[in-house]
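Below you'll find the structure, written out as structure tokens, and then a few comments.
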Amino acid sequence: MAMALAERHGLTIVSADSRQIYRRFDLGTAKPSADERARVVHCGIDIADPEERWSAARWATDAAQWIGEAGIDRTLVVGGTGLYLKALTAPFFVEPQLDPARRQALGVELASLPVPELRLWVQRLDPPRAHLGRAQLLRAAEVALLTGERLSDLHHRNARPAAFRGRWLVVDPGEGLQAQIAARIDGMFKAGWLEEARALSGDVHSSAPAWQACGYSVVRDAALGRVELGVARAAILVETRQYAKRQRTWFRHQLAGADVTRLDPHTANAADVAEAWWNSEEVT
């Protein structure tokens, strides 16, 4: 939907995907193809090494610059990382600087924890953030352990004004999403996801943030012979469906009352609805 709008109106797409920022992690993050990037200018893709951490505040600062360069009325911000979108359109704060050596050592310890156990940690360390996904749980735990302060408290105390107001087109195929997820996973494997993970495992440390992308750690285990491919596919299917459920919940609650247009991309008039959304008022 975004590509169609961007090509029709000559727009720039800013990716709000916290895993597409990482170089070389391509297939499992469903980055736009080389052809798509040749047809439409994309920002926010391949801007970080796999070992780098990119906070929502840092991304929002970068995104504001990209939007300024392209023009606020010539930009589509596209992607499902809710915290990135919130940092751009709601008050946000610059996160505290953490000692790199201590952070790396802690990261190695936390990386081995499964999500349920990590969630128990965060329920004790920073309860308001215990419902979030793995990447956010890791961040909440490390900030609390290395600074002695809760990330949720820092958000409230050090918030800065939002840079932009958001108008949202929430694209959701409803019940058809489950089948689409399965087909998408199979397409990624067919395109060489297993081989990509095998190559990455040779020189990207297992604690690198890029491995936290949905499904990647499981594919790495399959590539290294630790689990059977069928078992890996089943685990990724469950993980992705759970992630999609959290995304839906986030958008339903965080965008409640905001300027939101919801769209099933499979309806006959989907393109017309998207076009009307884009033309409805000046983008801000």
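The values are calculated or read from the model by the stated rules, or taken from the named source; none is laboratory data. Computed from a predicted structure; not experimentally measured. For neighbour counting, all protein chains shown are included, and Cβ atoms are generated from backbone atoms with ideal geometry for every residue, glycine included. Heavy atoms of the whole protein, side chains included, go into the accessibility calculation; ligands, DNA and RNA do not. Shrake-Rupley method; radii C 1.70, N 1.55, O 1.52, S 1.80 Å.
Here are a few things to note about the model shown:
- The largest accessible area among 67, 47 belongs to the first residue in 47, 67, and the rest follow in falling order (1.4 Å probe, all chains).
- The range 185-284 gives an Rg/Rh value of 1.13, both radii derived from C-alpha positions and Rh following Kirkwood.
- Taken about its Cα centre, the range 173-284 carries a charge dipole of about 560 debye when Lys and Arg each add +1 at the Cβ and Asp and Glu each add -1 at the Cβ.
- Between 122, 87, 112, the Cα set farthest toward the positive side of the dipole of the range 75-129 (charges on each charged residue's Cβ, about the Cα centre) is that of 87.
- Taking all protein chains together and a 1.4 Å probe, the residues 31, 245, 86 rank 245, 86, 31 from largest to smallest accessible area.
- Taking the DSSP bridge list for the chain and keeping only pairs wholly inside it, about 10 percent are antiparallel.
- One quarter of the convex hull surface built on the alpha carbon atoms of the range 102-240 amounts to 11.1 nm², the projected area averaged over directions.
- Placing unit charges on the Cβ atoms only, positive for Lys and Arg and negative for Asp and Glu, gives the chain a dipole magnitude near 640 debye about its Cα centre.
- Extended-chain gain in nm, criterion 0.36 nm per residue less alpha-carbon gap, residue 260 and residue 49: 72.6 nm
- Square roots of five times the Cα gyration tensor eigenvalues for the range 1-88, Å: 20, 16, 10
- Span from the the range 164-210 Cα centroid across to the the range 79-137 one, whole angstrom: 20
- The range 121-200 has equivalent-ellipsoid semi-axes of 34, 22, 14 Å, by the square roots of 5 times the alpha carbon gyration tensor eigenvalues, sorted largest first.
- Packing around the peptides 51-59, 222-230, taken as the average count of other Cβ atoms within 10 Å per residue, puts them in this order, highest first: 51-59, 222-230.
- Ordering 164, 132, 178 by Cα displacement along the dipole of the range 122-181 toward the positive end leaves 164 in first place; charges were set at the Cβ atoms of Lys, Arg (+1) and Asp, Glu (-1).
- Taking only protein heavy atoms and a 1.4 Å probe, the accessible area of the range 60-124 is 55% carbon and sulfur.
- Projecting the Cα positions of 238, 76, 47 onto the charge dipole of the chain (unit charges on Cβ atoms of Lys, Arg, Asp and Glu, taken about the Cα centre) puts 238 furthest along the positive direction.
- Note on residue 103: accessible area is roughly 50 Å² with a 1.4 Å probe, heavy atoms of protein only.
- Legend: calculated FRET efficiency, residue 195 to residue 39, from the Cβ-Cβ distance at R0 = 41 Å, rounded to 0.05, equals 0.95.
- For residue 131, the solvent-accessible surface with a 1.4 Å probe is about 120 Å², rounded to the nearest 10.
- Once the chain from residue 182 to residue 158 is taken as fully extended at 0.36 nm per residue, the excess over their C-alpha distance is 4.5 nm.
- Probe 1.4 Å, all protein chains present, accessible-area order of 211, 250, 121, largest first: 121, 250, 211
- Kirkwood Rh in Å, taken over the chain so that all alpha-carbon pairs contribute: 20.1
- Rg/Rg_ref, the range 1-160, where Rg_ref = 2.2 N^0.38 Å and atoms are Cα: 1.13
- Debye intensity ratio in log₁₀ form over the Cα atoms of the range 1-47, taken at each q of 0.14, 0.17 Å⁻¹: -0.31, -0.46
- Packing, as the average of other Cβ atoms within 10 Å across residues, places the peptides 233-244, 171-182 in the order 233-244, 171-182, highest first.
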